[in-house]
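To keep things clear, I will list the structure first and then write my remarks on it.
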Amino acid sequence: MKRRLFTQSLLAAPLLNLHAAEGGLHIATFEVDVTPPLESPLCHGNVMPAKQIITPLLARGMVILGSGQPIVLCAMDWVALANASNVIIRETIAKAVGTTSDRVAVHTVHQHDTPGSDLDTERLLADHGIGGRFSNAQLDQRMFQSIADAARGCMTKAESVTQVGFGSGKIEKVASNRRVLGPDGKVAFTRMSASKHPQAATAPEGTIDPLVRMVTFWQGERPLAALSYYATHPMSYYGKGGVNWDFIGGARALMDKAVPGVRFIHFNGAGGNITAGKYNDGSPENRPALAERVYAGMKAAWDAQKKQDLTAADLEWRAKPVALPVRHPDGEQRLLATLADAKKPFAQRAFAARDIVFIRRMTAGGTIPLGCLRIGSAHVLHMPAELFIEYQIAAQQMRPDDFIAMAAYGDNAPSYIGTEIAYTQGGYEVGDHVSRVSPEVEKVLTQAMRELLV
């Protein structure tokens, strides 16, 4: 494996030199089928394993050449990549294209009828005799290599970019805040992706960002690729073993048909506390309806885009690793006892393993990668995990006159990341077993965003 990756890195070098000699910016895009085989674990083993393939799962990405070492942006139709999995896939891609791993951002779209990967947690579970139910480590690493091979292969077809477009469109009747507060300021109920709570449909949408934002790349009058960003949990219904890309993938497929020849790459925004629960009770007919609504917003963003000239000097990648505060830094022994208890449900033992991995990583001095793609005065932030929507809104308020987009669901090691006040309000998303960071995380990430947006 190491010999192969080293060889790929060497082979990438002539391509980089070629594009550097030509001058200007170039992009290349790739797509990989990342559909798992039947019986594969889905959603970290929290739902029924794969019983049928309803739609394929895709990893789509872009390699940007001409602004220093290559920049790679990739979004996968998987539920999550955490810890070693996020590190290894970025390192594997970086070696394949001849760049450094801090210039590679890999995110998941976060559909739940899909696999998730956390090689550290899978290894710990296997050590306790329950490996293979959380994820398929062999499949994960094959997929990582396939994505890296595709990223390298697409570079031979890189095309020059002369213009960039920015657009936004409003998406109606999809997003709603899942945390519905009562008169006492505490969470009264949680509006899940498919919500049958009697007040789910009548309660206000709450704090959301209704806009889908789009960045497009052009060669003269010819569109090449588009990056889109929208914040919500992207599930209509799930858990029956039907592998699929759900309504976000459906909207993306509709854009493929509407504007043929353009590679549409979609990133989930800060949707940790956002679902379609106000407008979705889990009925199967809601999936295509939600897809149509998201597509309408995407098409509106495409039609509304404003183009401007683009040169290498206009584009810059900034990277910032951050150490995140651990929720329970002294909890390892308690968690180890849970993990070792064969009488506990698998889900509880798996959550304990994930907590242990995060505690060990952070206490050992580990960091989580953040990135920012600057395109002129526009910025796209690349953030970790299941961020609350307030982080996306805060980033936009830091530069209110500029185009600001956000891709969350990068390294999912922390799981849910709430705001400081959210941890006093209660609710599922800030529970001990799903949020591994302390309330101080808001100050850490807000400062990091401010530095990236300078």
Among the residues of segment 58-70, how many are surrounded by 23 or more Cβ atoms within 10 Å (Cβ to Cβ) and in contact with a helix residue (DSSP H, G or I) (Cβ under 8 Å, 6 or more places away or on another chain)?
5
Kindly establish whether Val79 is under 23 Å from Gly249 (Cβ atoms), in contact with a Lys or Arg (Cβ under 6 Å, 6 or more places away or on another chain) and crowded, with 24+ Cβ neighbours inside 10 Å.
no
Inter-residue pairs, beta-carbon under 7 Å, first farther than 15 Å from Val444 by Cβ and at pLDDT 95 or above and in segment 350-367, second surrounded by fewer than 24 Cβ atoms within 10 Å (Cβ to Cβ) and charged (D, E, K, R), 6+ apart:
Ile356/Glu332; Val357/Asp120; Ile359/Glu332
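Any residue at all in segment 222-229 that's in a loop (DSSP other than H, G, I, E, B), of a type outside the set (S, T, N, Q) and on the phi < 0 side of the Ramachandran plot? Lay out the reasoning, then the answer.
Start the filter on segment 222-229 by keeping residues that are in a loop (DSSP other than H, G, I, E, B), which leaves none.
Checked segment 222-229: no residue is in a loop (DSSP other than H, G, I, E, B), of a type outside the set (S, T, N, Q) and on the phi < 0 side of the Ramachandran plot.
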Tally up the residues in segment 94-121 that are more than 17 Å from Ile248 (Cα to Cα) and β-branched (Val, Ile, Thr), please.
6
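Given Ala407, Ala448, which one is buried (at least 22 other Cβ atoms within 10 Å of the Cβ), small (Gly, Ala, Ser), in contact (Cβ under 8 Å) with a residue 12 or more places away in the chain and in contact with a strand residue (DSSP E or B) (Cβ under 9 Å, 6 or more places away or on another chain)?
Working: Ala448 fails: buried (at least 22 other Cβ atoms within 10 Å of the Cβ).
None of the other options fit; the residue is Ala407.
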Report the residue count in segment 382-404 for those that are under 22 Å from Gln111 (Cβ atoms) and either of a type in the set (A, V, I, L, M) or free of Cβ contacts under 8 Å to residues at least 12 places away in the same chain (or both).
4
In segment 397-454, the residues that are in a strand (DSSP E or B), among the aliphatic types (A, V, I, L, M) and more than 26 Å from Ser377 (Cβ to Cβ):
Ile417, Val437
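Out of all the residues in segment 317-349, which are within 30 Å of Ala225 (Cα to Cα) and in contact with a Gly (Cβ under 8 Å, 6 or more places away or on another chain)? Spell out how you get there, then give the answer.
Within segment 317-349, the subset within 30 Å of Ala225 (Cα to Cα) is 317-321.
Matches in segment 317-349: Trp317, Arg318, Ala319, Lys320.
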Restricting segment 36-49 to residues that are buried (at least 21 other Cβ atoms within 10 Å of the Cβ) and in contact with an Asp or Glu (Cβ under 9 Å, 6 or more places away or on another chain), the one farthest from Gly242 (Cα to Cα) turns out to be His44
Where a residue in segment 80-98 is on the phi > 0 side of the Ramachandran plot and its partner, wherever it lies, is in a helix (DSSP H, G or I), with Cβ under 6 Å and at least six apart:
Asn83/Asp120; Asn83/Val357; Gly98/Ser9; Gly98/Ala12; Gly98/Ala13; Gly98/Leu16
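Please verify whether segment 330-340 includes one or more residues that are under 13 Å from Pro414 (Cβ atoms) and modelled with pLDDT of 95 or more. Outline the logic, then answer.
Of the residues in segment 330-340, the ones under 13 Å from Pro414 (Cβ atoms) are none.
Scanning segment 330-340, I find no residue that is under 13 Å from Pro414 (Cβ atoms) and modelled with pLDDT of 95 or more, so the answer is no.
Every residue, every condition in (1) among the β-branched types (Val, Ile, Thr); (2) buried (at least 21 other Cβ atoms within 10 Å of the Cβ); (3) over 23 Å from Ile417 (Cβ atoms); (4) touching a residue at least 60 places away in the same chain (Cβ under 8 Å), yes or no:
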| site | (1), (2), (3), (4) |
| --- | --- |
| Gln199 | no, no, yes, no |
| Pro223 | no, no, yes, no |
| Ala231 | no, yes, no, yes |
| Pro234 | no, yes, no, yes |
| Gly239 | no, no, yes, yes |
| Arg252 | no, yes, yes, no |
| Pro260 | no, no, yes, no |
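I need the full set of residues from segment 101-158 which are of a type in the set (Ser, Thr, Tyr), buried (at least 19 other Cβ atoms within 10 Å of the Cβ) and part of a helix (DSSP H, G or I), in order please. Please lay out each step first, then the result.
Residues of segment 101-158 that are of a type in the set (Ser, Thr, Tyr), as a first pass: 101, 108, 114, 117, 121, 135, 146, 156.
From what is left, the residues that are buried (at least 19 other Cβ atoms within 10 Å of the Cβ) are 101, 108, 114, 117, 121, 135.
Matches in segment 101-158: Ser101, Thr121.
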Matching residues, segment 102-135, being without any contact (Cβ under 8 Å) to a residue 60 or more places away in the chain and of a type in the set (Ser, Thr, Tyr):
Ser117
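Can you tell which of Ala301, Ala352 is touching a Gly at 6+ places or on another chain (Cβ under 7 Å), buried (at least 23 other Cβ atoms within 10 Å of the Cβ) and in a helix (DSSP H, G or I)? It would help to see each step written out before you state the result.
Working: Ala352 fails: touching a Gly at 6+ places or on another chain (Cβ under 7 Å).
Among Ala301, Ala352, only Ala301 is touching a Gly at 6+ places or on another chain (Cβ under 7 Å), buried (at least 23 other Cβ atoms within 10 Å of the Cβ) and in a helix (DSSP H, G or I).
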If you go through segment 369-387 one residue at a time, do you hit one that is modelled with pLDDT of 95 or more, out of contact with any Gly (no Cβ under 6 Å at 6 or more places or on another chain) and part of a helix (DSSP H, G or I)?
no
Does Glu316 satisfy being modelled with pLDDT of 95 or more, of a type in the set (D, E, K, R) and farther than 26 Å from Val106 by Cα?
no
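The values are calculated or read from the model by the stated rules, or taken from the named source; none is laboratory data. All figures in this text were calculated on a predicted structure; none of them were measured in a lab. Please note: Cβ atoms are built from the backbone with ideal geometry, for glycine as well, and neighbour counts cover all protein chains shown.
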